[in-house]
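J.: Okay, here's the structure, questions in a sec.
The values are calculated or read from the model by the stated rules, or taken from the named source; none is laboratory data. Since the structure is predicted, the reported quantities are computational estimates derived from the model, not experimental observations. When we count neighbours, we look across all protein chains shown, and the Cβ atoms used for this are built from the backbone with ideal geometry, even at glycine.
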Amino acid sequence: MDGDRRRFIAKIQDALDPQEVLSPAGAQMREPARYGHPVKRIVECDHEAKDRCIVAVMLVMGMTVIVMMAALMRRLGDAESDIKPGDAIMFHTGWGSLWMKNNDRFNSGEPGIGLDAAKWIIEKDLALTAADTWAVEVVPNPDKSLAFVVHAELQTKHGILNHENLIFDELIADKKYQFVYCFTPAPIKGATGSNGCPIAIT
């Protein structure tokens, strides 16, 4: 991601009132019986601003076991040309709806992306993947000799961030599948991960 995009994201985050923006997600994080991080939709954003930010494309995939490249390309359609280096791709599978309703199934595994999708994400030079699941990648991997190989490929080898357990309900209800994405993490010194507030600016 180039410096201009990073600086612009920092400006957006500095401009947000943390008391106003963090309260809804913060409350959710403190209630263990509730699931995930709701992606809060705020304000309007002009097209020039979107050109300098992380633009996220969110795909509604359904609870298929593994997101195959052919399905990914079908869902993306013309939006693939809008994806630029440093952007994000997000997946809504509906798996999060199982939380506290069918925990055995929820914890047994999950739908998600495999290595072929991970390689496409790397080739596109994306900054972030996200989903409404607890790992984003398919669990268990269809190849029984592999475990969390997408994490290793994207995060460890290529530094691509991963956001899990997101709730896209509001965006889906409003039919907003492409948006500027910001995330305000908790300021934890030395941490490699954090809770926080995901924000979609449409």
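J.: Taking only pairs six or more apart or across chains, which ones have beta-carbon atoms under 9 Å, a first residue in segment 48-71 that is closer than 21 Å to Gly112 by Cα, and a second residue that is in a strand (DSSP E or B) and at pLDDT below 80?
T.: Within 9 Å, the pairs are Leu59/Val67; Met61/Val67.
J.: Just to be sure before I move on: is Ile121 crowded, with 17+ Cβ neighbours inside 10 Å, more than 16 Å from Val65 (Cβ to Cβ) and free of Cβ contacts under 8 Å to residues at least 40 places away in the same chain in the structure I sent?
T.: Working: crowded, with 17+ Cβ neighbours inside 10 Å: yes; more than 16 Å from Val65 (Cβ to Cβ): yes; free of Cβ contacts under 8 Å to residues at least 40 places away in the same chain: yes.
Judged against the criteria, Ile121 is a match.
J.: What are the residues in segment 53-65 that are surrounded by fewer than 17 Cβ atoms within 10 Å (Cβ to Cβ) and part of a strand (DSSP E or B), if any? I'd like the intermediate steps shown before the answer.
T.: First pass over segment 53-65, keeping only residues surrounded by fewer than 17 Cβ atoms within 10 Å (Cβ to Cβ): 60, 62-65.
The one that is surrounded by fewer than 17 Cβ atoms within 10 Å (Cβ to Cβ) and part of a strand (DSSP E or B): Val60.
J.: State which residue is surrounded by the fewest Cβ atoms within 10 Å (Cβ to Cβ) when the search covers only segment 83-118 and only residues that are hydrophobic (A, V, I, L, M, F, W, C) and under 12 Å from the mean Cα position of the chain (by Cα).
T.: By that ranking, first place goes to Ala88.
J.: If you don't mind, there's one more thing I want to ask. Inspect segment 68-82 for any residue being modelled with pLDDT of 50 or more, touching a Ser or Thr at 6+ places or on another chain (Cβ under 6 Å) and not in a helix (DSSP H, G or I) and give the result as yes or no.
T.: Checked segment 68-82: no residue is modelled with pLDDT of 50 or more, touching a Ser or Thr at 6+ places or on another chain (Cβ under 6 Å) and not in a helix (DSSP H, G or I).
J.: Then there is this: Could you check segment 124-136 and list, in sequence order, the residues that are outside any strand (DSSP E or B), surrounded by fewer than 24 Cβ atoms within 10 Å (Cβ to Cβ) and in contact (Cβ under 8 Å) with a residue 40 or more places away in the chain? Talk me through it step by step, then tell me what you get.
T.: First pass over segment 124-136, keeping only residues outside any strand (DSSP E or B): 124-127, 132-136.
If we keep only those that are surrounded by fewer than 24 Cβ atoms within 10 Å (Cβ to Cβ) as well, we get 124-125, 127, 134-135.
Across segment 124-136, the qualifying residues are Lys124, Asp125, Ala127.
J.: Name, by its number, the condition in (1) within 21 Å of Val57 (Cβ to Cβ); (2) modelled with pLDDT under 90; (3) out of contact with any helix residue (DSSP H, G or I) (no Cβ under 7 Å at 6 or more places or on another chain); (4) not aromatic (Phe, Trp, Tyr) that does not hold for Lys119.
T.: Here Lys119 meets the rest and fails (2).
J.: Can you name every residue in segment 87-117 that is farther than 24 Å from Lys176 by Cα, assigned to a helix (DSSP H, G or I) and free of Cβ contacts under 8 Å to residues at least 40 places away in the same chain?
T.: If the condition is that a residue be farther than 24 Å from Lys176 by Cα, assigned to a helix (DSSP H, G or I) and free of Cβ contacts under 8 Å to residues at least 40 places away in the same chain, then Asn103, Asp104, Arg105, Phe106, Asn107, Ser108, Leu115 are the ones that fit.
J.: If a residue has to be surrounded by 17 or more Cβ atoms within 10 Å (Cβ to Cβ), among the aliphatic types (A, V, I, L, M) and assigned to a helix (DSSP H, G or I) to count, how many in segment 140-166 make the cut?
T.: So the answer is 2.
J.: Mind checking which residues of segment 167-201 are under 19 Å from Asp82 (Cα atoms), out of contact with any Cys (no Cβ under 7 Å at 6 or more places or on another chain) and in a strand (DSSP E or B)?
T.: Of everything in segment 167-201, those that are under 19 Å from Asp82 (Cα atoms), out of contact with any Cys (no Cβ under 7 Å at 6 or more places or on another chain) and in a strand (DSSP E or B) turn out to be Gln178, Phe179, Tyr181, Cys182, Ala200.
J.: Return only the number of the condition from (1) touching a residue at least 24 places away in the same chain (Cβ under 8 Å); (2) more than 12 Å from the chain's Cα centre (by Cα) that Tyr181 does not satisfy.
T.: Every condition holds for Tyr181 apart from (2).
J.: Among the residues of segment 104-141, what is the count of those that are more than 24 Å from Leu171 (Cα to Cα) and polar (S, T, N, Q)?
T.: 3
J.: Also: So, in segment 74-86, how many residues would count as being free of Cβ contacts under 8 Å to residues at least 40 places away in the same chain and under 23 Å from Trp134 (Cα atoms)?
T.: Final tally of qualifying residues: 2.
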